[in-house]
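Trainee: The structure under discussion is supplied below as C-alpha cells; questions concerning it will follow.
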Amino acid sequence: MGLDIGFYRQDETEALGFRNHGDLFDMIIAQPHVRVEPYDDFYVTRPMVTAVLEEIEEEMTANGLPLPTLPDRDTIEFADLRSAIPREFFFGEPDDWVAALPFYRVLLTELLDDVRRDGCLICGWSA
C-alpha cells in the first residue's frame, strides 16, 4: 500500500497525480486547507500552491540550484520542461530530494495555472 495523491479539476479530471511523494504531500497538507466533508480530501487554493512553490524555490536557492524564469504553460518550451520529467518520477518518492526540486517546481507551476483557470482544485488522497 502506498500514498496516492491526485489533484482534480471541477469537472473531475485529474490535473496531476503522484504515488508515494510523502515529503511533498507533507508540505501541501501543512498549509491551511478546507476539507471536503465527509472525506479527508481538501480544496487546493492559489495561496496553498503558491506557498509550497515558494518553499520549493527557497530550497532550490539554498542548495545552489538555478531558478530560471519558467515559460508560460501554453508554450512549447514549457511542454519540453514537462516532458523532461521521467514518467517513473510520478510513481515513487525521489531518492534525491534536491535533484527533484526542479521537477516539483515545474509541476507546481502547472498546478498553480490549473488553480487559476478552475478557481480551486480538490486533492484526493489515500494511504
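Any read-out appearing in this document is the output of simple, stated calculations on the displayed coordinates, not a laboratory observation. In this text, all values refer to a predicted model and were calculated from it rather than measured experimentally. Every residue, glycine among them, receives a Cβ derived from its backbone with ideal geometry; neighbour counts consider all protein chains shown.
Trainee: Taking only Cα atoms of the stretch 86-126, what ratio of Rg to Rh do you get with Rh as the Kirkwood inverse-distance radius?
Mentor: Working: Rg = 12.2 Å, Rh = 11.8 Å.
Here the Rg-to-Rh quotient is 1.04.
Trainee: Additional query: Mind checking the full-extension length gain between L67 and F90? Use 0.36 nm per residue of separation minus the Cα-Cα distance, one decimal, nm. Write down the numbers at each step before the final one.
Mentor: Details: separation 23, 0.36 × 23 = 8.28 nm, distance 2.20 nm.
Residue separation times 0.36 nm, minus the Cα-Cα distance, leaves 6.1 nm.
Trainee: Measure nothing but the geometry: give the 0 to 90° angle between the long axis through the Cα atoms of 97-118 and the longest principal axis through the Cα atoms of the chain, rounded to 10°.
Mentor: Compared with the principal axis, the helix lies near 50 degrees.
Trainee: Grab the Cα-Cα distance for E58 and D118, subtract it from 0.36 nm times how many residues apart they are, and report the gain in nm with one decimal.
Mentor: Details: separation 60, 0.36 × 60 = 21.60 nm, distance 2.67 nm.
Stretched fully, the E58-D118 segment lengthens by 18.9 nm.
Trainee: Same structure, new question: Provide the convex hull volume over Cα atoms per residue for the stretch 4-126, in Å³. Could the numbers behind the result be given before it?
Mentor: Numbers: hull volume 12.9 nm³, N = 123.
That works out to 105 Å³ per residue.
Trainee: Follow-up question, since we're still on this one. Quick one: if the Förster radius is 35 Å, what FRET efficiency do I76 and T50 give, using the C-beta to C-beta distance and rounding to 0.05? Write down the numbers at each step before the final one.
Mentor: Values: r = 25 Å, r/R0 = 0.72.
After rounding to 0.05, the efficiency reads 0.90.
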